[in-house]
Amino acid sequence: QVQLVESGGGLVQPGGSLRLSCATSGSIFSILSMGWYRQAPGKQRELVAAATTGGNTNYADSVKGRFTISRDNAKNTVYLQMDSLKPEDTAVYYCRVVLTREIIWGQGTQVTVSS
């Protein structure tokens, strides 16, 4: 059974940086894409960034130029480098992995941007 283990969340001041990691465990044969979503209190879960195995990436407009998604395909791990963080980036961040026949979600990691 494939599981995702997220790490790297925490409390940071506005303008600061954090790096999220999402590592996979279990046997994975075909990953189509890996990405990050977030959900703030009272809001719907939204895409933050995603990267396909082919190398294509896409970002939410609100994070373009500040966040960078990257993958280590050998380790089946995805990262999210978050710079110039703003209070409105505060949310629970979820890793999502799309396989050929299923979608797997991580348990979420809290990111709080506050002074």
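None of the figures in this text is laboratory data; all of them are computed from the coordinates on show. None of these values were measured; they are calculated from a predicted model. All Cβ positions, even for glycine, are placed from backbone atoms using ideal geometry, and neighbour counts span all protein chains on display.
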> Quick one: which of Arg71, Arg96, Arg38 is within 15 Å of Val111 (Cα to Cα), in contact (Cβ under 8 Å) with a residue 12 or more places away in the chain and basic (Lys, Arg)?
Replying inline: Arg38
> Looking at the stretch 47-106, what strands (runs of 3 or more DSSP E) fall wholly within it and have at least 2 residues that are surrounded by fewer than 16 Cβ atoms within 10 Å (Cβ to Cβ)?
Replying inline: 57-59, 67-72, 103-105
